[in-house]
Amino acid sequence: MLLRLERLILFGLVAVAASALVTLPSSARAVTAPAAWDGVPEFSMDRGWAGVVTVATRFPRRWSGGPDRQAAAEWIAATLAGMGLDVRRETFPAHLGARAPVTLENVWGISPGSERAAEIVVVVGNYDMAPTSVQAASDTAGHVGTILELARLLAAAPHRRTFIFFFPDGEEWGMLGTRRFVQTFPQRRQIVAALSIEDLDVGRFAALGIDGTGQSRGFAPYWLRGFAADAARREGVRTDEVSPLSEWLLRSLLVSQTDQGPFLAAGVPAIDLAGRSDDLALKRAVYHLPGDTIEKMRPESVVAYGRVQERILRGLDALPAVPRGSSYYLRIAPDRIVPAPALAVRQGLVFLPLAVAVLLRRRRLGPLRAPFASESMRGGVVFAALLIWVASIKLLPFLGLLPRYAVYPPPPRHPLLTTPLWLPIIISAVILVAAIVAAEALLRRREERRAMDAAEAGGRIATMLIWLLVVALVALYDNPFGAVTFLLCPAALWLWITPGPSPVRRAVNGVLVLLGFAVVVLLLAQYGADLRIGGYILWYVFLALAYAQFTPLQIALTFATLAVGVRLLALAALGRATATASASP
């Protein structure tokens, strides 16, 4: 058992770590964003609305690979050319469920700047749509018509910076067109800002939604968020931004749903600007469904939405210099953020109790060379078995056992999300069981199966805590928000695990291990509700593993944590410790 002094030390450190998170708002400081343009917007309701109607009614089935997609691209290109813009088009292949790839097409128009032509501002809005919808008037015709009118306004008179009005394909499948653009556009290093103008909800335009989530990496700098909020305020429009806790979770997951994501991942300051409705029930009823038609849209919403966007674009063009702000902060309230230094200290403090617990166990147990080598091998074998399982899942689309998608699983409302394919699930389960059996056989050959005394069990548990600390440090470097969100419970709970033959002690250890994954379970439930798929979220995660929604490092950290948890469960809840010694923490 842990000695009383050690328990007091660890309790104190856990209390310090908890207070560091709870009192995080006290570290907030005031911050000022540049002021938005204060001129009189010229956005035309008639022209903007005409564009929305044309996209929705002339190309009602313009999903990627759909019958109207090419015609929609040609019309957009012709419209941009008619404004005098330099029009570019690029086709590229992508897998969207079938064995053969589909041809996608990006379209964009360039309006050169007169003074700072080398500085590029990208205005992006996808023209494709969910395959479960018809017309997609709010998602996506509303913002396409808006951007076309903005392009006409900006191109009609000289402006300082270069503007690119970019209409990507494949947004619904993981922002494929934008990912392609940020990877291949020759002048991509000259892009100083990107605005994703995405979705104008059905009903009355009530608020400007601002989202700064990157795709696996990055977040919008505060200056750009504050700049957009000021533009909305000047039009008498409120802004809809998430709470500090929700922003923390968004930063932890970094799963972008709109086209600002790839720009942020590439290091370009970017935000998504959505038109929020005053009728949430109607929005939910038509989202990604055939009911999303032009009859539910309002011309006055288009002009109100467009005027806010015009203020933002003209304001960006007028800035003497585009700010260079950090993406590492946390917005606590309008004009108040927790800056990077305070965040780094408090996030690091979360793992201080775990680090001290490792040192205390090392001091008490003495040299850990033998148990460290043995238990590291066992943990490594479990980790390898889990990675073999993940690799088998990733092979399934290439073997024709799963539909093949380029990055994300299908978009919300797609029938595949609630129709599990049992054959690939069973195949992957068999591979997992085989990997576990092979791992167990390998370990039995290398080590005699015998009961452990408390000292040996304690050394093995200490080894797993060391590896948990390593995982936490790597996670902190990769994404500090994600590290705290997903490893806070394991780091705070698993350090109390001690070996012993008592059924009560084993039960307590088992509960501690399982509680370490509580946040993951809660977030899965919430994400399932957000995607409107409920318990099918497990099937969604299976698909996400099969494709490229998670980075290799995210997968490695996740399954390394799971491997540590499995070994701790085996050692402390299901293990064979023969006695409990006071000297074995």
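For segment 97-130, the set of residues classified as of a type outside the set (Val, Ile, Thr), under 24 Å from the mean Cα position of the chain (by Cα) and crowded, with 22+ Cβ neighbours inside 10 Å consists of Leu104, Asn106, Gly125, Asn126, Tyr127, Asp128, Met129, Ala130, listed by residue number. Find the residue count for segment 569-585, including only residues that are under 21 Å from Gly380 (Cβ atoms) and either modelled with pLDDT of 95 or more or surrounded by fewer than 16 Cβ atoms within 10 Å (Cβ to Cβ) (or both). Within segment 569-585, residues that are under 21 Å from Gly380 (Cβ atoms) and either modelled with pLDDT of 95 or more or surrounded by fewer than 16 Cβ atoms within 10 Å (Cβ to Cβ) (or both) number 2. All of (1) among the charged types (D, E, K, R); (2) at pLDDT 95 or above; (3) surrounded by fewer than 24 Cβ atoms within 10 Å (Cβ to Cβ); (4) in a loop (DSSP other than H, G, I, E, B) hold for Asp169 with one exception: (3).
Being at pLDDT below 90, part of a loop (DSSP other than H, G, I, E, B) and either out of contact with any helix residue (DSSP H, G or I) (no Cβ under 9 Å at 6 or more places or on another chain) or buried (at least 18 other Cβ atoms within 10 Å of the Cβ) (or both) is a description that applies to Arg450.
Given the options Gly528, Gly459, Gly516, name the one that is without any contact (Cβ under 8 Å) to a residue 60 or more places away in the chain and either surrounded by 20 or more Cβ atoms within 10 Å (Cβ to Cβ) or not assigned by TED's automatic domain parsing to the domain that holds Pro420 (or both).
Values: Gly528 fails: either surrounded by 20 or more Cβ atoms within 10 Å (Cβ to Cβ) or not assigned by TED's automatic domain parsing to the domain that holds Pro420 (or both); Gly459 fails: without any contact (Cβ under 8 Å) to a residue 60 or more places away in the chain.
Just a single option satisfies the conditions, and that option is Gly516.
With the structure loaded, tell me whether Ala435 is assigned to a helix (DSSP H, G or I), outside the structural domain of Ala130 (by TED's automatic domain parsing), surrounded by 17 or more Cβ atoms within 10 Å (Cβ to Cβ) and free of Cβ contacts under 8 Å to residues at least 60 places away in the same chain or whether it fails that test. So Ala435 passes the test. With respect to (1) assigned to a helix (DSSP H, G or I); (2) crowded, with 18+ Cβ neighbours inside 10 Å; (3) among the acidic types (Asp, Glu), the lone exception for Asp46 is condition (2). Six or more apart or on different chains, Cβ under 7 Å: which pairs go from a residue in segment 309-330 that's closer than 15 Å to Ile191 by Cβ to one that's in a helix (DSSP H, G or I)? Could you list them? From segment 309-330, the pairs are Leu313/Leu150; Leu313/Leu154; Pro323/Trp223. Going through Ala17, Ala78 one at a time, which residue ends up being aliphatic (A, V, I, L, M) and surrounded by fewer than 18 Cβ atoms within 10 Å (Cβ to Cβ)? None of the others qualify; the one that does is Ala78. Buried (at least 17 other Cβ atoms within 10 Å of the Cβ) and not acidic (Asp, Glu): does that describe Leu487? So Leu487 fits the description; yes. Take Arg217 and decide whether it is farther than 22 Å from Gly325 by Cα, among the basic types (Lys, Arg) and outside any helix (DSSP H, G or I). So Arg217 fails the test.
The values are calculated or read from the model by the stated rules, or taken from the named source; none is laboratory data. These numbers were taken from a predicted model, which means no experiment stands behind them. In this analysis, Cβ positions are derived from the backbone assuming ideal geometry, glycine residues included, and neighbour counts consider all displayed protein chains.
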